[in-house]
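The values are calculated or read from the model by the stated rules, or taken from the named source; none is laboratory data. Because the structure is predicted, anything quoted here is derived from the model rather than measured. Positions of Cβ are backbone-derived with ideal geometry, glycine not excepted, and every protein chain shown enters the neighbour counts. With ligands, DNA and RNA removed, areas are computed over all heavy atoms of the protein, side chains included. Shrake-Rupley method; radii C 1.70, N 1.55, O 1.52, S 1.80 Å.
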Amino acid sequence: MKVRALLQDLPPARHPLWRGLGWALAAGTLGFTLRFLMVGNEGMPGRTASGDPLFGAGTKGTLGTLTEQLGPNRMVLTYRTIEGSEEDLHLETVTGRLDEQTGQWRMLSPKAHRQAGVWALEGPLDLEVADPATKALLGKGRVENAGPALRWVGGEWEGLAPLRWEALEGSARGVWYLPAGWRREADGRFRVDQGPVRWQAPPAGTGPATLQAMEAERLWAMPGFQTGHLEGVKARLTEGSLQASVADLTPDMVTWPAPLSFERSDGWHGDAKGGVAPRPAPGATFQQVEFRAFRARRAGPEGEETLSTEGARWTPAGLRLEGNVVWDQPMDGQRLVLRAPRVLMREKPGGDLPESLPVGHAVAEGHPILTWGRRNLSSPRISVERATRRWKLQSPVMGRGEDGTFSGGAGQGDPHSWTIEGPVQVNLFSGGNLRGARLVWEDTLWTLTGRPAAWSRLRERLSGPRILRKGETVAFPEGLNGTLAAADGDLYLRAEQGQSEGQKILLSGGVECQGQGWRLAADKVTVVVGPDRTAKLIQAQGAVTLKGRLGEGQGEALDLEPGTQTAKWQGRVRGKGAGPGW
């Protein structure tokens with residue numbers, strides 16, 4: 001109703017107003033027509049006499065867009081100028097956009113040329129790709145060289161010049177260098193069949209990068225280089241390098257799935273069954289490179305030392321070895337072998353290793369065992385200064401030598417000399433045991449000290465401030481007292497020095513012997529024991545004094561048999577007694 005009322009209010013058809021509007025419309029149409037006739041075909045491409053529907057011979061225009069279908073995808077090129085024909089077309093100052101399922105591409109080129117359906121873009125050329133879902137920028141690249149940079153045929157690209165690509169996300173974040181001849185296939189993959197392809201880690205973030213660079217003979221990678229595959233790989237690591245037949249890229253890690261070899265600047269070199277480099281935290285660099293079935297060796301002044309373990313982590317600070325670690329070193333013509341569930345070796349300052357572990361030191365954890373020859377030591381934790389081979393063992397310590405086994409508190413030393421804090425107990429293979437406050441173990445010599453140190457075997461119990469054991473000899477250089485078994489009961493002994501060797505116990509210096517009902521004193525005493533370690537004969541020499549039921553006297557020498565209760569004096573004697581010895 002409102003529209004009908006409005007039409008009724010308009011002037012009649014013959015009103016002068018309508019005549020004026022008609023003349024104005026005619027003049028405007030004539031003016032625009034003359035304007036386009038004067039401009040010609042400048043400003044936009046149009047029809048020509050040849051009948052070409054869009055691009056005629058000599059077509060020329062400015063500020064436009066060109067759309068081309070590339071399979072399921074569509075490419076849109078925005079240009080500043082265009083010139084040419086359908087078969088030979090030139091564009092300048094070109095900005096391209098290509099939207100795919102794998103990424104949204106943008107490109108900028110000073111010139112583009114299409115001939116026979118093939119596009120050629122010139123450099124310097126800029127590329128970038130974004131995630132189609134999040135729009136986050138995944139990477140950007142640049143061809144620095146002027147001249148031919150990129151050939152484009154039916155959605156496939158061919159790099160006519162080297163490409164520098166900066167990957168901004170994923171484990172492959174960093175800068176990639178692709179040589180001329182690189183291709184981008186219709187499915188979005190970048191491919192290089194003849195390298196070298198080089199990757200450089202981003203600048204150091206929270207610390208020096210363990211994985212610093214890689215070089216490969218061949219490559220394929222998806223847009224953004226978050227996923228890919230490399231062949232013929234050489235990687236540069238902190239303090240070394242590795243070589244592998246292949247490497248796989250995923251957003252979370254770099255993987256070397258096949259056997260690889262490596263070298264370290266500290267002399268270690270070897271192989272592993274595979275390895276990974278987990279993606280670092282955002283803004284950080286690769287701090288960890290991990291290997292499976294790690295085997296290493298290096299030459300030294302005494303020969304080759306080796307390392308083997310189920311897993312190893314290579315960090316800027318050093319090595320972290322986990323799982324059945326075996327560290328084998330040469331030593332004086334034999335092998336010094338450390339076995340442990342875990343070993344940490346520090347080469348430089350840095351994280352991932354305990355701050356308490358000094359540079360040049362290693363620590364073994366999880367009850368490691370140190371073995372050389374027929375000897376071994378074990379402890380909950382063993383640390384070593386590698387240059388001097390000085391070891392420290394956490395309490396409790398257990399060990400084994402040629403003569404027996406022992407247990408004690410904390411220990412320290414080198415392969416030639418060890419000190420074990422007490423309480424220490426030594427169990428001898430020949431029978432008997434030693435107890436003391438400290439054990440010093442030097443090759444075949446065992447020195448036990450205490451308040452006092454004690455040696456016991458069957459009914460044989462001897463003690464003193466210090467006990468030395470070497471082979472079958474047990475010495476008491478600072479005093480001895482104790483008991484021996486005898487036929488008529490225990491025999492009590494005291495001397496300033498003593499030594500037990502085989503079937504004899506040699507006593508010297510203020511010697512006192514006491515049996516059942518008798519007492520003997522002399523400068524020197526030899527006690528001969530039988531196979532059952534009971535006293536069979538007591539031989540005394542020098543200022544001998546005997547008191548008790550076997551007689552009383554003084555003389556130069558005396559043989560006393562506890563079993564028969566007889567005493568036989570030799571030389572001059574003063575005193576009284578019964579039996580043939582008096």
Counting alpha carbon pairs within less than 8 Å and at least 6 residues apart, what relative contact order, in whole percent, applies to the stretch 174-331? 15
Percent breakdown of C-alpha pair distances by 10 Å bin, ordered from the shortest bin, for the stretch 398-515: 14, 48, 29, 8, 1
Taking Rh as the Kirkwood radius computed over C-alpha pairs, what is the Stokes-Einstein D of the chain at 20 °C in a medium of viscosity 1.002 mPa s, expressed in µm² per second? 65
In whole Å, how far is the Cα centre of the stretch 303-328 from that of the stretch 379-442? 25
Per principal axis, descending, Cα span of the stretch 202-276 in whole Å: 39, 30, 19
Calculated on alpha-carbon atoms, Rg and Dmax of the stretch 361-436 in Å: 12.2, 39
Any idea of the accessible area per residue across the stretch 398-482, 1.4 Å probe, to the nearest Å²? 42
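Taking Rh as the Kirkwood radius, which is the inverse of the mean 1/r over Cα pairs, what is the Rg/Rh value for the stretch 426-582?
1.01
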A 1.4 Å probe over the protein heavy atoms gives the chain a carbon and sulfur accessible-area percentage of 53
Give the angle, between 0 and 90 degrees and rounded to the nearest 10, that separates the Cα long axis of helix 16-39 from the longest principal axis of the Cα atoms of the chain. 60
Rounded to the nearest Å, what's the spacing between the alpha carbon centres of the stretch 475-536 and the stretch 125-158? Just the number, please. 97
To make sure I understand the rule: partners must be lysines, Cα under 30 Å from the Cα of Lys536, and not fewer than 8 residues away in the same chain. Which ones qualify? Lys470, Lys504, Lys524, Lys547, Lys568, Lys576
Subtracting the Cα-Cα distance of Ser395 and Asp99 from 0.36 nm times their residue separation yields 99.9 nm
Rounded to whole angstroms and listed largest first, the alpha-carbon spread of the stretch 330-390 along its three principal axes comes to 38, 23, 14
What is the distance, in nm, between label points placed 7 Å from the Cα along the Cα-to-Cβ direction at Glu156 and at Arg80? 3.3
